[in-house]
Amino acid sequence: MSNTLQTLVLGGGCFWCVEAVYVQVRGVQDVESGYCNGDLPNPTYEMVGTGRSGYCEVVKLVYDPAQVSTRELLEIFFVIHDPTTLNRQGNDVGTQYRSGIYFTTDEQEQVAREVLAELAASGVYSSPVVTELKPLQRYAAAEEYHQDFFERNPNQGYCMAVAAPKVAKFRKTFARLQKS
């Protein structure tokens with residue numbers, strides 16, 4: 001492990017689903033569900049759930065770029081969620097479920113801009129990508145019961161219906177990036 005760990009924050013709908021994937025990625029040292037870039041101090045799940053707090057449900061990734069690159073993290077991100085639906089992922093609707101990349105370094109911003117431009121030019125999606133790209137400004141960890149939710153509740157209905165297929169898609173598409 002290098003001494004240059006980086007932090008990248010991603011919003012791709014419900015944080016339980018996104019966290020369930022990234023805890024399995026080689027080089028990702030820590031994954032924490034939380035809220036970012038909202039308007040109020042000390043956000044709670046109830047406040048964020050109203051859709052009026054400005055916060056996005058996110059996962060904060062602490063990773064070793066010598067083991068997994070920012071580009072690889074973003075490639076996973078664009079496979080496991082739909083970046084073309086504004087303020088929505090499946091049945092989860094509201095601004096708190098928006099697609100977002102919240103960078104902490106200039107290099108992350110540049111890589112994200114490149115990946116977004118490549119996606120737009122590729123025609124992979126039939127609709128425009130609406131993922132917002134912004135610096136991480138305000139972040140708060142989600143309540144403890146949200147952390148490692150999928151791992152602790154794999155048979156919960158939402159986890160089985162929504163998170164498990166994302167994990168399976170990651171494993172199939174990115175086997176080379178999976179922790180051993």
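Of all residues in the range 1-57, how many are among the acidic types (Asp, Glu) and crowded, with 17+ Cβ neighbours inside 10 Å? Reasoning before the result, please.
At the first step, the residues of the range 1-57 found to be among the acidic types (Asp, Glu) are 19, 30, 32, 39, 46, 57.
Still in the running and crowded, with 17+ Cβ neighbours inside 10 Å: 19, 32, 57.
Total satisfying the criteria: 3.
Just checking, how many residues over the range 88-101 are part of a strand (DSSP E or B) and either within 24 Å of Thr173 (Cα to Cα) or touching a helix residue (DSSP H, G or I) at 6+ places or on another chain (Cβ under 9 Å) (or both)? Steps first, answer last, please.
So the first thing to find is which residues in the range 88-101 are part of a strand (DSSP E or B), and the list is 88-89, 92-93, 99-101.
Cutting the leftovers down to either within 24 Å of Thr173 (Cα to Cα) or touching a helix residue (DSSP H, G or I) at 6+ places or on another chain (Cβ under 9 Å) (or both) gives us 88-89, 92, 99-101.
Residues that pass the stated criteria total 6.
Could you tell me whether the range 132-142 includes any residue that is more than 24 Å from Leu86 (Cβ to Cβ) and either of a type in the set (A, V, I, L, M) or part of a helix (DSSP H, G or I) (or both)? Show your work before the answer.
Filtering the range 132-142 for residues more than 24 Å from Leu86 (Cβ to Cβ) gives 141.
Retained after the next criterion (residues that are either of a type in the set (A, V, I, L, M) or part of a helix (DSSP H, G or I) (or both)): 141.
Checking the range 132-142: at least one residue is more than 24 Å from Leu86 (Cβ to Cβ) and either of a type in the set (A, V, I, L, M) or part of a helix (DSSP H, G or I) (or both).
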Review point. In the list Leu119, Leu136, which residue meets the criterion of being more than 28 Å from Pro43 (Cβ to Cβ) and either of a type in the set (Gly, Ala, Ser) or buried (at least 17 other Cβ atoms within 10 Å of the Cβ) (or both)?
Key: Leu119
Review point. If you check every pair at least six apart or on different chains, which have Cβ atoms under 7 Å apart with a residue in the range 80-109 that is closer than 17 Å to Arg138 by Cβ first and a residue that is small (Gly, Ala, Ser) and buried (at least 16 other Cβ atoms within 10 Å of the Cβ) second?
Key: Arg98/Gly11; Gly100/Gly11; Ile101/Ala112; Phe103/Ala112
Review point. Which one is modelled with the highest pLDDT, of the residues in the range 74-87 that are under 19 Å from Ser33 (Cβ atoms) and either touching a Leu at 6+ places or on another chain (Cβ under 6 Å) or not in a helix (DSSP H, G or I) (or both)?
Key: Phe77
Study note, to complete from the structure: Ser180 meets each of (1) more than 25 Å from Glu46 (Cβ to Cβ); (2) surrounded by 15 or more Cβ atoms within 10 Å (Cβ to Cβ) with one exception, condition (2)
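I'd like to know if the range 51-66 contains one or more residues that are part of a helix (DSSP H, G or I) and in contact (Cβ under 8 Å) with a residue 24 or more places away in the chain. Steps first, please.
Here is the first cut: in the range 51-66, the ones part of a helix (DSSP H, G or I) are none.
For the range 51-66, residues part of a helix (DSSP H, G or I) and in contact (Cβ under 8 Å) with a residue 24 or more places away in the chain: absent.
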Review point. Which one is farthest from Gln24 (Cα to Cα) among residues in the range 141-161 that are touching a strand residue (DSSP E or B) at 6+ places or on another chain (Cβ under 8 Å) and crowded, with 16+ Cβ neighbours inside 10 Å?
Key: Ala142
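Here's a check for you: in the range 135-153, which residue that is without any contact (Cβ under 8 Å) to a residue 40 or more places away in the chain and out of contact with any helix residue (DSSP H, G or I) (no Cβ under 7 Å at 6 or more places or on another chain) is farthest from Gly38 (Cα to Cα)? Show your work before the answer.
Residues of the range 135-153 that are without any contact (Cβ under 8 Å) to a residue 40 or more places away in the chain, as a first pass: 135, 144-145, 152-153.
With the extra rule that they be out of contact with any helix residue (DSSP H, G or I) (no Cβ under 7 Å at 6 or more places or on another chain), the set shrinks to 135, 144-145, 152.
Working: Pro135: 12, Glu144: 20, Tyr145: 21, Arg152: 28 Å.
Ranking the qualifying residues of the range 135-153, first place goes to Arg152.
The values are calculated or read from the model by the stated rules, or taken from the named source; none is laboratory data. None of the values given here were measured: they were computed from a predicted structure. All Cβ positions, glycine included, derive from the backbone under ideal geometry; neighbour counts span all protein chains shown.
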